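Here is the structure we will look at, set down as structure tokens.
The values are calculated or read from the model by the stated rules, or taken from the named source; none is laboratory data. These numbers come from a predicted model, not from an experiment. So basically every Cβ, Gly included, is an ideal-geometry build from the backbone, and we count neighbours across all protein chains shown. Note: areas computed on protein heavy atoms with side chains; ligands, DNA, RNA excluded. Shrake-Rupley method; radii C 1.70, N 1.55, O 1.52, S 1.80 Å.
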Amino acid sequence: MYHGFFSKIAKTGFPVWVALLLALLVPAREALSLEIEKKPENFGIYILRDGVYLPLDQTRIQYSRTWYPITYTNSHMAVCHLSELDKEPNIAAQMGKDDLLAIYFPGAADHRWFYASVFYFSEYSFRGKASYRINRRPEGWYAGFITMGAPEEVSSLLGESTADNYHFEGKNIKDEEILYKEPDLIVAQITPDETLPVSMYIFTAQDYTFPETSQGRQIQEQLPQSGYLANFPHIMQTPDFQARQDAIRRANDARSKLYLVTRKVFELVPDEVLHTGIFIDKSCKVFFGSQDDFRIVTAADEWGEKAYWPKGFTFARDYVRVRDLNMKAHRVENRGFSLLYEKTEAGTEVRLMGMKSGSKVAVSYSPMFAYDVEYEDHVEAGWEAFRNNAFAKAEEEFKIALEKLPDYPKALAALAWVYANAEDPAIKNPKEALSLAAKALQFKPCYAYVWDAASAAYYVNGDLDKAMECQESAYGKYSNPPKSYVEKTALYRKLQAQMADAQKYHEQEKYVEAVKTLQGVLAEMPQYVNALNLFARILATSKDPKFVSPAMAIKYVEVAYALAPENPNILDTVAECLYAAGDTAGALKFAQKARYYDLGNAHYQQQVERFARQIEKPASNTP
């Protein structure tokens with residue numbers, strides 16, 4: 001149970017047998033402000049409640065290189081992944097506000113004890129110096145870090161400003177928090193920050209901060225290998241705890257990004273050229289690894305002048321000619337290296353040649369820069385089917401491509417396009433289009449075809465502003481954009497201008513002009529969420545009784561809500577429509593939802609208070 005901590009203490013030069021002997025022979029120190037009648041039966045960390053020791057669960061900690069080194073003002077911080085926790089861990093140890101923390105280990109009083117918040121992060125990755133090298137932070141729970149981003153983003157989420165692009169929540173147990181101390185037992189009153197939306201903490205015998213001079217290996221050796229988990233349920237009862245926690249999670253997810261790398265192993269035959277089917281789409285490095293010597297077959301214009309070869313290796317030496325292909329097969333003696341390939345008009349393929357029977361070569365590359373015909377052929381077949389209005393066939397081909405290479409951005413974007421634009425209602429799936437497009441947008445670099453597909457997905461889901469943002473990103477990738485990009489950008493701008501006019505008319509209480517303008521907008525784009533929302537709001541809250549129609553308002557806002565169920569502005573309009581229809585309880589429910597998704601907006605808080613007051617009054621519909 002105490003293996004991780006006990007071994008750490010032992011490594012510091014405090015032998016286990018000495019610790020046990022001292023624990024038996026050295027007289028107990030005077031209690032600071034607490035009397036302890038007995039000690040736990042086994043070493044570990046416990047909640048002490050009414051004289052009873054309740055054990056904390058232990059978990060393994062993995063050192064994550066993905067975020068190291070992160071340089072801040074004057075220290076390095078290492079990120080630790082709690083690898084054994086499920087997505088929604090069931091933490092048995094529930095520490096009440098008045099509970100005490102008991103640490104029982106040999107030599108416990110001579111060590112600093114540390115506790116850090118535990119927060120959930122999605123997968124994140126970034127490219128190394130070469131296109132084939134991808135560093136990855138796995139999805140899961142991490143100790144210490146709550147959020148990362150620009151200082152203003154961190155400030156908006158946590159209500160404080162910081163000079164650094166992160167929030168790290170960790171503390172040492174201070175002397176004034178210790179109520180009882182013996183050589184092998186510490187009892188302390190722990191006070192986590194209740195203003196943060198974090199209720200789960202991990203306790204360890206090691207810190208997570210290191211001086212600038214620390215090296216990666218030293219940090220890895222000093223990090224805790226395990227820790228003990230406790231949940232503080234009273235923190236979960238603080239105002240808006242879940243809403244604030246979800247807001248941080250959504251922000252962290254939005255800032256996550258992904259790179260894609262894949263690896264394929266080939267078996268070679270002596271003196272025979274192997275066409276791998278891997279083609280270069282954009283100039284990039286390809287990594288080769290083998291236990292045997294082999295040859296790489298290239299044409300004269302397929303490798304860059306800055307191609308990296310192992311030290312002492314000359315590109316022009318030791319090659320054989322492949323006369324029927326007019327190429328050279330270069331011998332490779334090193335077991336692992338990268339080669340910078342250039343894209344050519346004729347098509348640059350990765351080709352290999354064996355030097356002995358049974359030799360194998362692993363080829364690693366990023367599908368963002370190169371592709372394998374094994375899955376790319378299905379993407380091409382899918383587009384051919386789509387152009388012929390064979391939407392079911394297009395869907396099938398793109399799905400096969402994703403089976404061959406999961407998360408292939410080109411296939412994700414293509415399938416999103418099909419679901420957004422298919423004329424067959426059995427195939428069209430706007431929500432799935434948006435989900436696929438959002439996943440494709442996470443991969444870097446992001447190409448124009450991904451932005452274009454995302455624009456189509458947002459448009460069909462009624463989010464014109466996001467559709468415009470994505471379309472402009474696609475547009476900006478070209479010095480001379482395709483005609484379709486130009487036409488869509490012009491349409492989106494026209495609709496946005498008309499929507500701005502309708503909003504202005506509404507503010508000026510020119511309801512005739514506002515309604516007429518909205519009708520024109522919705523005739524062009526029936527799913528336009530903002531237009532549906534404004535129309536419903538006019539019909540529910542207009543100061544001119546001639547325009548008030550709660551039943552019609554609800555019909556419009558139902559469509560908007562189905563398209564954007566987490567948009568606080570839509571939820572606020574739903575509340576107004578229900579209130580106009582006499583359903584004050586329903587109005588309060590949706591007002592609370594609106595506030596949940598935008599805690600910093602005073603209007604939504606005022607709406608909650610307004611509807612709550614109406615419920616407390618005698619039956620009345622007066623605002």
Q) How large is the dipole of the stretch 347-485 about the Cα centre if only Lys and Arg carry +1 and Asp and Glu carry -1, each at its Cβ, rounded to the nearest 20 debye? A) 420 debye
Q: May I ask you to list the aspartates and glutamates whose Cα is less than 20 Å away from that of Lys38, ignoring any residue fewer than eight positions away on the same chain?
A: Glu30, Asp50, Asp98, Asp99, Glu182, Asp184
**Q.** Computed accessible area, Glu380, all protein chains, 1.4 angstrom probe, square angstrom
**A.** 100 Å²
Q: Order the peptides 140-149, 293-302 from the highest to the lowest mean number of other Cβ atoms within 10 Å of their residues.
A: 140-149, 293-302
Q.
Please give me the summed charge of the neighbours of Tyr475: other residues whose Cβ is under 14 Å from its Cβ, Lys and Arg +1, Asp and Glu -1.
A. 0
Q: Would you please put 254-261, 50-57, 465-472 in order of how densely packed they are, using the mean number of other Cβ atoms within 10 angstrom per residue and starting with the highest?
A: 465-472, 254-261, 50-57
Q) Which loop-located trypsin sites (Lys or Arg not before Pro) does the stretch 535-600 contain, where loop means any DSSP state but H, G, I, E or B and the Cβ has at most 11 other Cβ atoms within 10 Å? A) Lys543
Q: For Ser484 and Asp110, calculate 0.36 nm times their separation in residues minus their Cα-Cα distance, and state this gained length in nm to one decimal.
A: 127.6 nm
Q.
Leaving ligands and nucleic acids out of the surface, order Arg613, Arg323 by accessible area at 1.4 Å, largest first.
A. Arg323, Arg613
Q: Taking the Cβ of Glu513 as the centre, find all other residues whose Cβ is under 13 Å away and add up their charges (Lys, Arg: +1; Asp, Glu: -1).
A: -1
Q) For Glu472 and Thr344, what is the calculated FRET efficiency with R₀ set at 56 Å and r taken between the beta-carbons, to the nearest 0.05? A) 0.95
(Q) For Thr348, what residues show an amide H to amide H distance below 5 Å, using hydrogens built from the backbone and excluding near sequence neighbours? (A) Ile280
Q. Put +1 on the Cβ of every Lys and Arg and -1 on every Asp and Glu Cβ in the stretch 342-413; which of Ala390, Val363, Leu412 then has its Cα farthest towards the positive end of the dipole?
A. Val363
Q: Return the lysines within reach of Lys174: Cα separation strictly under 18 angstrom, same-chain partners fewer than 8 residues apart disregarded; answer none if there are no such residues.
A: Lys97
(Q) Quick check: the distance between the Cα centres of the stretch 559-623 and the stretch 255-304, to the nearest angstrom? (A) 58 Å
**Q.** Whichever lysines have a C-alpha closer than 25 Å to that of Lys488, once near sequence neighbours (fewer than 8 apart) are set aside
**A.** Lys410, Lys428, Lys431, Lys439, Lys444, Lys466, Lys477, Lys504, Lys516
Q. What full-extension length gain, to one decimal in nm, is calculated for Lys510 and Lys360 as 0.36 nm per residue of separation minus the Cα-Cα distance?
A. 46.5 nm
Q.
Rounded, prolate or oblate, given the Cα gyration tensor of the stretch 78-118, with a/c below 1.5 counting as rounded?
A. oblate
**Q.** Ordering of 353-363, 177-187 by packing [mean C-beta count within 10 Å, highest first]
**A.** 177-187, 353-363
